[in-house]
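Shown next, in structure tokens, is the structure this report addresses.
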Amino acid sequence: MSKNALAPLLLALLLAGCAVTAPNPPAEPAPPAAFKGSADWQRIAPDVVVPEAWWTLFKDPVLDGLQADLVVGNQNLAAALAQVASARAVLKASSSALWPTLSLGGGTTRSASVADDGGQRRVATSNSLTANAAWELDLWGRLSTGIKAAGASYQASQADLAALRLSAQATLTQSYFALRTAEAQQALLQRTVTANERALELTQARYASGVAAQTDVLQARTQLRSVQSQLADMRAQRAQLEHAIAAQLGKLPGQFQLAPSASLPELPPVPDLVPSTLLAQRPDIAAARARQVAAYAQIGIADAAFFPSIDLSASAGYRGASWSNLVSAPNLLWSIGAAVAAPLFDGGQRRLASDQARASADAATANYRQAVLTAFQEVEDNLVELAESGASLALQRDAFEAAERNLDIVLAQYRAGTVSYLNVSTAQASLLSAESSVLASRNRQLVAADLLLKNLGGRLPTRP
């Protein structure tokens, strides 16, 4: 190799220590020592260990089976899994850019030309067999920084998949609780319909014997029809919830059916939550952090464009008229060299690209901080919801017991003829409302516990 050919390579080696370094993202925010809402609710079992499948703490085999079907059939998860595969391919492609490229080629060319003296046309055959190599030196860290960015993006896609899976599992659990609550409400309304039918029969008998007015019969019938209408609405709501669960499992509504059950799971033990654990385990926070790292890596890639690129190339092969003796010393040809390309003027495109990368990094930082804020808000909200729904449930149960006793008293008074049926109707409505509120409070408790346990049961994906 000549000295002229070595000059660019020597220059490249001298500049190898001048690689561009991308700025590091800001430090992660320091979490508070404790959640504000932690003191507002009674810790049932502070030392309980939450498994990755946190819904198993509700001890409902049907829910466990639905969660197993979710991971297999949910189409949103399937799409996210494809995104992870795509990000993995991008990462591998970025890593391969550090290595030289090699290629082999061969061919036959037949050409004709006119002789210089105007004689006959000359026909020649040329056969070739060549090997080519090219290698871009990563002096400024553009390629290695690209690998870092691709690795962070791959990490983000893995965390996105984990976050989507957690969200789908939590949504399925809430849908299941809503369906069971609807079934319990449906059973309550059916019992109320039966009781109101007996009350209507009573008023009709009293009206026939002349001890009650016709308005009592009409009031009883109105009350009965109103509850029957609510029962029809609740049946429709239960069917729609079943359809929603089918869609989450990747099944057609006509192919899915859940056996009815009017019972709700019991509230599981919910341990104390530590803010630092939340930051460490929530995959949506991990995804936002990984995107922040990838955005800062893009700054290094953009800044590397200000420096020259150096490419090494080499080729060797044989060229001759006959394939029989093509591979021989007289037909050997080769070349080796280095090329330097330095940008001089581009109308400010590189500067704009650098500014854009920095702006994108600022946006990624803001998105990461917002993800942290949203996560803490969700936990605080559900801590308050768990505490307040528990207090509400105790009050609603007391109200239900009072309404039940009141209805018994009013019915006895009505049979004795001391009160009108309007009092009975009011007492029936109060009892129905009180028992319905008990079921709604239990559902609120279960949903709050579900979302709190999700934050402790989630697991981050393995780093690439």
Between the Cα axis of helix 75-96 and the main Cα principal axis of the chain, the angle (0 to 90°, nearest 10) is 20 degrees
As straight-line cross-link partners of K59, the qualifying lysines (C-alpha separation under 26 Å, not fewer than 8 residues apart within one chain) are K251, K454
In whole angstrom, the spacing between the Cα centers of region 207-263 and region 149-200 equals 20 Å
For Cα Rg over 2.2 N^0.38 Å, with candidates [x] 1.66; [y] 1.01; [z] 1.09, the value calculated from the shown model is option [x]
Whole-percent carbon and sulfur contribution to the accessible surface of the chain (1.4 Å, no ligands, DNA or RNA) stands at 56 percent
The chain: relative contact order from alpha carbon pairs under 8 Å, six or more residues apart, as a whole percent, is 28 percent
To the nearest 10 degrees, the tilt of helix 3-14 (Cα long axis) against the first principal axis of the alpha carbons of the chain is 30 degrees
In whole angstrom, largest first, the equivalent ellipsoid semi-axes that the Cα gyration tensor gives for region 262-365 are 58, 28, 11
In Å³ per residue, the alpha-carbon convex hull of region 81-199 encloses 234 Å³
With only helices counted (DSSP H, runs n ≥ 4, each -39500 (n - 2.57)), the per-residue ellipticity at 222 nm for the chain, to the nearest 500, works out to -22000 deg cm²/dmol
Output ordering of 366-372, 130-136, 106-112, 256-262 (per-residue mean of other Cβ within 10 Å, highest first) is 366-372, 130-136, 256-262, 106-112
Taking a probe of 1.4 Å and leaving out DNA, RNA and ligands, region 312-361 shows per residue an accessible area in Å² of 68 Å²
To the nearest 10 degrees, the tilt of helix 214-248 (Cα long axis) against the first principal axis of the alpha carbons of the chain is 20 degrees
Probe 1.4 Å, heavy atoms of protein chains only: per residue, the accessible area of region 133-217 in Å² is 38 Å²
Here the relative contact order (percent) of region 118-231, from C-alpha pairs under 8 Å and at least 6 apart, is 21 percent
One quarter of the C-alpha convex hull surface, i.e. the mean projected area of region 66-109 in nm², amounts to 6.1 nm²
Burial-style ranking of 404-417, 170-183, average other-beta-carbon count within 10 Å with highest first, yields 170-183, 404-417
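The values are calculated or read from the model by the stated rules, or taken from the named source; none is laboratory data. All values derive from a computational prediction rather than experimental measurement. No Cβ is skipped: glycine too gets one built from the backbone with ideal geometry, and neighbour counts run over all protein chains shown. Note: accessible area is taken over every heavy atom of the protein model, side chains too, but ligands, DNA and RNA are not part of it. Shrake-Rupley method; radii C 1.70, N 1.55, O 1.52, S 1.80 Å.
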